[in-house]
Amino acid sequence: MRQLITPRVIALLVGLFFALAALWGFVSGVGAVIGQGFLKEPTAEHEFHEHPNDYDFSFNGPFGKWDQKQLQRGLKVYDEVCSACHSLKFVAFRDLAALGLTEGQIKAYSAKKVVPGIDPVTGEPTTRPGTPTDYFPSPYPNAVAAAAANNNAIPPDLSLITKARHDGTNYVASLLTGYQAQPAKLVEEFPGAKTPPGLHYNPYFANLNLAMAPPLTTEGQVTFDDGTKSTIPQMAQDVAAFLTWTAEPQLVKRRQTGWAVMVFLLFATVLAYLSKQTVWAAAKPKKKV
């Protein structure tokens, strides 16, 4: 009598078992998510959180380019407003050459900054004027000092902020212009969601309330060198563009390289096809007359 349970049958049954287990896990997970979506009570965050506005930046799209004047304006907004609380630790002063600043301008700019140093005689920590090779200094000596000065909320470093947030550039610009009074409807529907003292309502922030006070408060808060009117939306968009550059300084160059690669691959594909036609032309069967 033939053996009915062969190794092949056992392997098939084991595979079927694991396939059914995976399918059951998938179906259960989807069911749980759908169930939560339908059964979970609405929250203030879900009902009143807003997606960032869609701004028209010069670097948007596959053929976008940096607007150096806008980046320089954004640098000034960061320098005069944001740098009081936020660091930019991954950006060196010499990197500002990409914004159109000359070597002399970079040296003068960095010399105005105070960076950590070491006393060459005693070896003790000290401070010194910055040089082009230094990185933007932190406004606080440590995280404890940063939290103590900001309602126990440590201001994030802004070097990569537009990459760390979904739709980062639009998010930054929207957040900076999104401060407003908490809607009466929100408090009526969710009495427990009233903005606590010391926090500020902003619908573009994930939980609607953040510790950072509105940094851009008045028109003309920053004076731009190119004469551009410094409205709050203008300043917000300019600093958002600047922070996009700090996070992805090679953004435009990478896109340009990508287009060059696409053209090369297209040319190589056509060349390969023509070569194949030439090489195999003699091997094609001749048509009978």
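Each reported figure results from applying straightforward, stated rules to the coordinates on display, with no laboratory input. On a predicted model such as this, the values are computed, not experimentally measured, just so you know. Virtual Cβ from ideal backbone geometry, glycine too; neighbours counted across all protein chains shown.
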Answer with a single label: of (i) 54, 48, 36; (ii) 103, 41, 37; (iii) 88, 62, 50, which was calculated as Cα extents along the principal axes in Å from the structure in view?
(iii)
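Under the 0.36 nm per residue contour assumption, what length would be gained going from the current alpha-carbon distance of T228 and K69 to full extension?
Full extension from T228 to K69 adds 56.3 nm.
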Taking amide hydrogens as modeled 1.01 Å from N in the peptide plane, which residues meet the under 5 Å criterion relative to T127, leaving out close sequence neighbours?
G117
Nearest 500 deg cm²/dmol is fine: what mean residue ellipticity at 222 nm does the chain get from its DSSP H runs of n ≥ 4 alone, each adding -39,500 (n - 2.57), divided by its residue count?
-14500 deg cm²/dmol
Can you pull the one-decimal nm distance between simple spin-label points at A184 and F17, each 7 Å off the Cα toward Cβ?
6.6 nm
Show the residues, 5+ positions off or on another chain, whose built amide H is closer than 5 Å to the amide H of N209.
N202
Per the rule of 0.36 nm per residue minus the C-alpha distance, extending A143 to W280 adds in nm 42.4 nm
Taking the Cα centre of the chain as origin, work out the dipole magnitude from +1 charges on Lys and Arg Cβ and -1 charges on Asp and Glu Cβ, in debye rounded to 20.
2260 debye
Dipole-positive endmost among N60, V239, P116 within the chain (Cβ charges, Cα centre)
N60
Which of L96, L210, L274 moves most in a GNM of the chain, Cα contacts under 10 Å?
L274
Please turn the phi angles of segment 250-259 into ³J(HN,Hα) values with the Karplus equation 6.51 cos²θ - 1.76 cosθ + 1.60 (θ = phi - 60°), one per residue in order, whole Hz, x for glycine and proline.
9, 4, 5, 4, 5, 5, 5, 5, x, 5
With x for Gly and Pro, the residue-by-residue ³J(HN,Hα) of segment 94-100, computed from phi through the Karplus equation 6.51 cos²θ - 1.76 cosθ + 1.60 at θ = phi - 60° and given in whole Hz, is 5, 5, 5, 4, 5, 8, x
Quick one: angle between helix 7-39 and the longest Cα principal axis of the chain, in degrees between 0 and 90, rounded to 10, please.
40 degrees
Hey, in the GNM for the chain with a 10 angstrom Cα cutoff, which one of E41, E50, E103 fluctuates hardest?
E41
